[in-house]
Each structure stands twice: as structure tokens, then as C-alpha cells.
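The structure appears below as C-alpha cells.
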Amino acid sequence: MSSYYSRYGRPALKNSVDMQLQTAFSDGNWNTVARLADKRAKALKDPYYEAIKITAESQLDGGAEKCAVVLIAIDDLVRQKAVPDLDTLELYEWASHDFLSQDLDYAEALGPLRARWVKANPKSPLAQQCLQTCLEHWDLVSAQQIAATLDKANVGSNDRRYMFWGITLTYLLSVSHQCTEASRRVYSLLVLKQLERAADLTENATTESTDRRLATEEEICLYYRVLLAYGTKADFISRIQSSQLGAIAELKKGHKLLLWESLTALESWGEWDLVFTLCRDALNIGIEGLTPPFLVCDLLVWGRFSVAASKAKDPEAAFGEVQAILNKFISLTASASEMYKKNISVALLETTFRTPTLLLSPDPGHKGLTPRVIQIGLFLDNYFDKLSAFDDVKYYVAQLSFEEARAFMEDIFPKILDEQLDELKKVILKTLECRLRYLLTTCPQTLSHYPSVVDGQEQEKPYRCRFCSQLADLPCEHCLRKTVVTATATYKQLSADSALAEAIPRLDKDPRADLALVMGLSLLKLAGLRAKGNTEPARQPLRDIRLDLWLQALLLLDTQLKLTPSDVGLRLLLVQLYLQAGCASYALQLWKPMDVKRTIQDALSPLFFDRISSLSPGLFQGGRPLMEPLRSYYASSLRDKCPVRVWEAFSSGSYTSIIDMSIYDSKLRKSCTLVMTLVEERRAMRYFAWKTEPDIDDQSLAEGITDETVLVNKTDYGSFPNLESLHGPPIQDFLRLGPGLSNERLQLGFLSEQYYDVLAFKPPKDYKPAKPNDVAIRDRNYVAERVADLSNSLTDFLHRTATPSLLTSAELVYYTVVSLLSASVVTSLYIPRADPAPPKTLSMTTSSVRTALAGLRSELTSPRVNPTTSQTCKALTNMHNVAYVRETAVAVKHTAAFVLAFYDNEMARDRTGKSALHKDVVAEMKALEAVATKTLAETKAHVQKLKEQLGEAGWLDRMLEWAYSDESSSSSSQDDEALQAVKSVVSDSAHAEEWGGKLLESWREGVKGWGMVRME
């Protein structure tokens, strides 16, 4: 048998059943079971044997009709008021598992039957099994009823589980879609009152039985979760300060969870005075010895403590208390572990930066040498050689004023460097200096505005760099080039010195990887790679950049990856860059070794799979399906309606974990990555075949996704090596092919696939309706209504303010065209044939479609005569736009074909022509079909041209020569110096040729895949 019940196995028959029937049932000999059970039922008049017979018949081949008997039998049990036999219920439940949630809703049939049985047998040891079964089918209504029955039956037994199982299930039900709005108010009030009573019993310490109080950390945290959801802010604040149930009381028992959750809630409300008090008291009890000293000495508590002090009415007094507690912890660090020592150092840094400037005492003789700068220097003096040193100080360095930044880089940092006698540590410091200098180029305070016109001359650069005094953009190109030269010198020193090279394996990380990142990112910025604005649609990432510098950065980073293949950040960076380059097959080779685990597929997979079908359809051809890891993960995680391993959490009393699991499961079912998987896979299938099976709505993973569903994006960029400051966009905004996953983009993609399903539908060939005219009218009305709904939904998402900024320019045009096409279908079906002057709506819509298609056709920019290497490379990196030219043309062509086929069918059915479409509709659709056919032919020719260009002899030599050249017509001596510095790092010609060969082969594979795509 299949999926769900495989973990439970086939149910056992009653012990009273004879051995012959028992054996036949355990062997799965269903014909024999049905025959023997029928005999026993007639002879013994026992309905249990009738249940065995029905179950056996439902397992026979061709037993679809027999399954209806199971449904009828279950329905009979539901209608009867008698208590069902549990063994019969087990048989029917097992027999019906293949069509649960399709023909049978567990929560309306089997769940209530189990609840009815438990109500009659609350003391039975099988009652808990019924609760487990209902929970694992996520029938919260029945599970809550069973838990309430068990709690009532076990009052006074000192078994605390049933009470809190019932409370937890009542809360889950109150936030579930299974609960009506009226019931939601009742359940929310019920769960709050139950826990309020338990809290009062705990506070008042009455003599009542202890099984109704709050005792464990999980029970108390459950109370505060419910109080936060359904109670008042005043009640929460009052309870959190309680001497019995408050956060500090729990902390004294060694429980930190409540403190963290309460600080989060209070911070969201802006209750900074109470945040300050809780943090102060929590830290003090560690100093006083009531808990281990460093139990709450983490950066979250220190950070909130400092923020709360900065928002106090008397900041001076507040920071005086912070400093006093900090000094006490500093005195305790001698016996603390290194982790806590570092936490105290970071806390000191955080406190210094949060302290108002007026309360600090800067050096009057040196404007930039402030306590903030000195504190960063002291921190780095102790921790510069740690793996996290840059990340620890990055946020603080980016906050420095220009005077402070200059003092830090020119006064403090050189002193730290001079104090080191160890050459390896000096190299580590130089590496850190390069990273910090790159960071400062992303900070706007290092630039000053420069007049746009000077002495009547218009100036090209809007800023002057305050470090180098050169006219600059953001970032300063002069400082970036200088950073490249400095990083290269340090890199070469590390590689050339054998003693230093031998010491690298003993370090937390190879400094050359960090240096290569600094050089690579600087080259990318010098090449012109920029993040898009916040409002306009994203254009082709490599449209206006210097591809020579961009390729040099790619070669440099690829060279480093061969030296440090386990560097995940560097690997992810290269995956994104190769996707930008259109080298999807090579990006896949780099992606696979990371072996992304199932539990993080939802968060990490978009880094490779997002928009992959528009880059290289050929990847979807061949052996194992490309999206199989994602499909497998979702199929396994979402197989059941309940969260994975939820019963284990119930059994162990992890009540807050149950709530968190429920929230996680809910978000996973409406994940952007999930919808991305469905849409990308279907698009790839349509590249090679028009009709895709099944319809996207019929796929199990799409269950519950509607226009009202707000899809959740949980993409994790934490593994990226981000050297950017918080003043600008993160590094992924520079590297992505377009904007990341979003509800609007994925909903538009999902709706577009639904539209294609309508266009592609054809009734079975053997379908012969008795009344074809009536059926034709119903079909016409259904299509019109369905497409009208899709058109309205597409228009709604497209007209949202944020939508243009969430799409690439090609995607925006494509979805706009699909929206217009769906509207044109509705209009076509509703215009009366006899109307002498039909409305101009259709002609205006089709005109807009033709205009949009013409704009997209301009993306087919393959050079026709004597193409340069640069022109060909830019064309190869533009395949995303080419994909949407083809997608848009296909949508136009099949929409026109759908309407014209409808016209032909109507003319064949009704010779009078009264039910046929208007002649203007037919003319407009034929015109659209012609334009779409022409566009597809041009797209095919474009791909063929690229294939021919890549097949020319000497292509690799020309590409490498061009990558090492200086494309700029106005290069300076510093340009040459930076270029020569990079060449010295990637001087291995053998590797350069190998890299160029892989790049070229990946392009050829991509174009070959496009050659297999159907352009029709």
C-alpha cells in the first residue's frame, strides 16, 4: 500500500477472528479475505466481518467502485448516533487513506467518529491513540475535543499533560482556518481564561491540586505566547514583572527563553524603560551569583540594554548604570571562556557607540580620535586574527564620521600593525585593512558633493572623495583601484613566502580568499556593476558594464576557488556571477558540491534555481530532473497535513515548539520557493512541449494557493561574503539576475500558468455530448468567466505600487502582455457577431500587445556582420530577455490560435454563423498570430546566429586576449597599475585557458539547449 499509512502498517484484526482469515488478511490475499469475511458475516451476524469484507474489496484491482462502498459505510457511521466500534473504524480509515482529502474529508468523517468513541471511553488506553491519529491528520477540531475529554476524565490524577494538550490544541484551533470566525472568538477567550486561571493559581499558591498550575518553562512560555496573542498589553507587562511567573523569576531558575521572548515583545511596543529594567536585573543576578555569571551575557541582551539606555529620559544616568555593570563583568572575565570575553568586548564597543556624543570625552587635540575610534582599535588589538573580526567591527566602522574613519585608518590601524612582530599576523592585519578600506568606499560620508557645473563646464562626477580628493561616483573608483593594488601586493606576499604559505592551514581561514574577494568585488564595481533602484524594473545586469573588467574579476575569483574549494561564500558568489554570464551549466557544476541539505532547500535553492528556465532550458533535459531535489523535499515535508514530528513534540511537552512547528509548516505551504519550483519546471516543460500535465492547479504542492495567499520569501543570503555597508544595498542586489523572490512575481507566474492551462485544454477525443449546443454554450461561458477571473487577478497584481520594482523589465512586459491577452479573450467571446460597430476595446488591447512585442524584439541584438568578442559576449549574457521574447510571442500566438479555433468550431457547429465570433475579432487575432510567428522566427534566427559565432575558430584566444585588455579608451596610469596587479595574480596561463574553455563550453551548451526549444 502507499504513502501515508506505511508508517503505521496494516491494522491488525481482532483476536476473536479465526486464524484462516487472519492469515489471509496479513498476506494481502484480498479475494480470499472478502470471501471468508462474507461467510463469517452471514453466519455470525457480526457487522465487524462486513467491515473486513468492504475493506478487502476496496484493495482489489479495479476496485474504484468498491471504494465508494467504504465511503458509504463511513457515512453511515457518521449519521448513526451510536458509538462506533474502534476496530471497524481502524479498518475503514486504512481502506480510505488513498482518497483522503479528495473524496473524504477526515475532519468531517473519521475524526468526529474517533472523538465520539473517546467521549464514550475516556479511560481507555486507546483514547490517546485516537488523539494522535486526529492530530497527525491535522483534524484540530476533533483533536481538541478528545484532549478536552481526556483532561476532564483525568482531573486530580496529577497527569498534567492532558490539560496542556487541550490548551495547546485550543490555541492552534483558534489561529487555524479550520475555525470559523465566530468560533475563533470563543476559543481565543477559552484558551486565555484557562491559562489565566492556571497563572492565578501559581501566583496565589493555593492548596488546590498542583496539576492545574503552571510549573515548567514550556507551560509558562505557552501562557505568555497566548497572552501576547489574545491578552492586553497591560496584562502582559504586569505578568512579566511578576515575582512568581516573571522573566526574572524564570531566569533565576536557569530559564532564558521567556526573557528573550519578552524583550522582543517589549521592543516592538517601544517599552524601552521596561526593556532597560529587565536587562539590568537579568545581568545583575548573574553578578550577584543567583545564576551562573554569564548565563545571559549574550549580545542580544547587551545590545537591547544599550539601545534602551540611549532612549532613557536621563541617558547619562542610564549609561552610568550600563557602564557600572559592564565594569563588573570585565572584572569577572579572567575566569571566563574566550567566547564570553569577546562578548564583553563587543558589549563595550556597542555601549560606546550608543552613548550620546556629549557624554563621551574626545581628544581635543585630534578631532577624529574619539572614544569610538579608540574602542574599535582596542577591540581589534585583541581579536584581529579571529575569523569574525571583520563582521564584528563592520557595523561600527560604517558609522564613523569621515574624520573618525581617517583617524582610524591613518593613526590607529598603523599602530596596531607596527606592534606586530609576527609576519603572519601582519599579513592578517593587512588583509583586514583591505577589507575595511573596501567597506569605507561604500559609505557616503567619505564623499562630499561637488557642483555639477564649475567655471561653465559641466562636471561628469557628482562627488569628491574626501580620502583621495579625486572627483568620484559612489563608490570612488580611484580608491577601489588603490585597494586592488594593495590587496594584490598582500596576496602575492602570502603566495611567494613559503613560510607564510605553510602557516595558512593553521589559520581559521585562508587570508587569500578574503583578498581575492576584495579584488574581485572592486573589479566588479570598476566594471560598472550596480544595484538597481527601488522603483524601476531591473534591466539586464551586464547591459552597460565593461565586460573586460567583469571577466577579469570572474577569472580571479575562479582561480581562488581552486585554492580554497571549501569556501562556501566564494562558491555562492561565483554561482551568481556565472548565472549573470549566462553560463548556467558551469554554475550548476559549482552548485552541486555544496550538497544543499533537505532542511535548507527552501532557503538556499533560489540562489541557483530562480529564473533558471529562462537562462538554460537545456538543463532540464537528460537524466535526473533538475528540480527533483526541491520536489522531493516538498513532497516529503508536505505529504501530511500536520507538521513533521508534531506528535513527538506533544509527547515531550514542548508546547512552544508545537506552535513554532505549526507556523513553520504554514509558511512552507505558501513558500515563494515552492511556487518558484512549480513555475520554473512548467516553463521548462513548455519549451519542449505545449501541453503540460497535470494542470498547475491539480498538482498536490499547489493545494491551497489562491490569489489571497500571501507567499512567504525565506531566501537566506547569510552565506554570501558581504563586504558592503548598511548605507547601501547588500552584495546580492549587485549579483542577482533580477529582483529576488516576491509574492507579486510568483503570483503573476502562477496565474500565467493557469492561463496557459485554459488555452491548452482539449476534451477527450471520445467525448460525445448528447446535447452539443447546450454544452458549447456552457463551455463558452465557463471559459469567459475563468479567463475574466485570471485577467482581473493579473491586473490587480500588476497595478500594485511595488510590482515594477519586483520584476525584470522583460518580466514586466511579459506579464503585462498576458494580462492584455486574457482581457482580449474575454472581449472576443462577448462581442456580438451582429454588432455593426463593436467597441474599440479589442483593437486598443491588441495594439498594446503588438507595441509590447515590438519593444521586446529589440532585445534580439545579436550582431549580424563581423561581430566583436564584446558584442557576442553581451548577447550571450542576455538570454533571460531572449527567453521572455519567446515566452511573450508564444503567449500571443496560442491566444490567437485559441480564439481562432473557437471560431472554427462554432462555424462548424452552427452553419448559420450566429454564434460565431465577430469578423473584427477574427481579423485582430490573425494579425496577432502573424506578428507572433514572425517574432518566433527572429528568435530562432538569433539563437542560430549565436551558435554560429561560438563555433568560429580562435574564439577562445580572442576572448582571453580581450579579457586581459583594457577596454577603456581613457585609461590612466592607475588603471594600468590595477590591471597589471590582477594579471600578476592570475598569471597561470594554463588555468586561464582551462577557465576560458569552461566558460566557452558552458555558453555552447546553453545555446545548444536553446536550439532544441520549440519556436512555435
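The values are calculated or read from the model by the stated rules, or taken from the named source; none is laboratory data. Bear in mind that the values here come from a model prediction, so they are computed numbers and not experimental data. Neighbour counts are summed over all protein chains in view; Cβ atoms, including those assigned to glycine, are modelled from backbone coordinates with ideal geometry. Accessible surface is based on the protein model in full, side chains and every heavy atom, while ligands, DNA and RNA are left aside. Shrake-Rupley method; radii C 1.70, N 1.55, O 1.52, S 1.80 Å.
With respect to Leu189, determine if the residue is surrounded by fewer than 16 Cβ atoms within 10 Å (Cβ to Cβ), in a helix (DSSP H, G or I) and modelled with pLDDT of 95 or more.
Spelling it out, Leu189 is indeed surrounded by fewer than 16 Cβ atoms within 10 Å (Cβ to Cβ), in a helix (DSSP H, G or I) and modelled with pLDDT of 95 or more.
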Query - Check on Val921, assigned to a helix (DSSP H, G or I), modelled with pLDDT of 85 or more and either over 30 Å from Glu477 (Cβ atoms) or open to solvent by less than 60 Å² (accessible area, probe 1.4 Å) (or both) - result: yes
**Report entry** Counted residues, region 684-725 - those being in contact with a Ser or Thr (Cβ under 9 Å, 6 or more places away or on another chain) and assigned to a loop (DSSP other than H, G, I, E, B)
**Finding:** 9
Query raised in the report: Can we say Gly728 is closer than 22 Å to Ile545 by Cα, more than 20 Å from the chain's Cα centre (by Cα) and surrounded by fewer than 20 Cβ atoms within 10 Å (Cβ to Cβ)?
Result: yes
Report summary line: Thr232: passes all of (1) within 22 Å of Leu189 (Cα to Cα); (2) surrounded by 14 or more Cβ atoms within 10 Å (Cβ to Cβ) but (2)
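Identify the residue in region 764-814 that is more than 19 Å from Cys672 (Cα to Cα) and of a type in the set (Lys, Arg) and, among all such residues, is nearest to the chain's Cα centre (by Cα).
Of everything passing the filter in region 764-814, Arg786 is nearest to the chain's Cα centre (by Cα).
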Query raised in the report: Of the residues Ser2, Ser26, which is modelled with pLDDT under 90 and among the polar types (S, T, N, Q)?
Result: Ser2
Requested in this report: Give the residues of region 471-503 that are part of a loop (DSSP other than H, G, I, E, B) and in contact with a Lys or Arg (Cβ under 7 Å, 6 or more places away or on another chain), sorted by residue number.
Outcome: Asp473, Pro475
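In region 123-168, what residues are of a type in the set (Phe, Trp, Tyr) and assigned to a helix (DSSP H, G or I)? Before the answer, list the steps.
Initial filter on region 123-168 (of a type in the set (Phe, Trp, Tyr)): 138, 162, 164-165.
Tyr162, Phe164, Trp165, listed by residue number.
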**Report entry** Flag if Ala503 is of a type in the set (Gly, Ala, Ser) and under 21 Å from Leu561 (Cβ atoms)
**Finding:** no
Report task. Restricting attention to helices (runs of 4 or more DSSP H) lying wholly within region 788-877, give those where 1 or more residues are over 30 Å from Ala581 (Cβ atoms) and either modelled with pLDDT of 90 or more or of a type outside the set (Lys, Arg) (or both). Result -> 809-830, 841-857
Query raised in the report: Which residue out of Trp94, Trp117 is among the aromatic types (Phe, Trp, Tyr), part of a helix (DSSP H, G or I), under 40 Å from the mean Cα position of the chain (by Cα) and surrounded by 13 or more Cβ atoms within 10 Å (Cβ to Cβ)?
Result: Trp94
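Considering only residues that are acidic (Asp, Glu) and either without any contact (Cβ under 8 Å) to a residue 24 or more places away in the chain or in a helix (DSSP H, G or I) (or both), look in region 585-633 and name the one that is farthest from Arg571 (Cα to Cα).
Of everything passing the filter in region 585-633, Glu628 is farthest from Arg571 (Cα to Cα).
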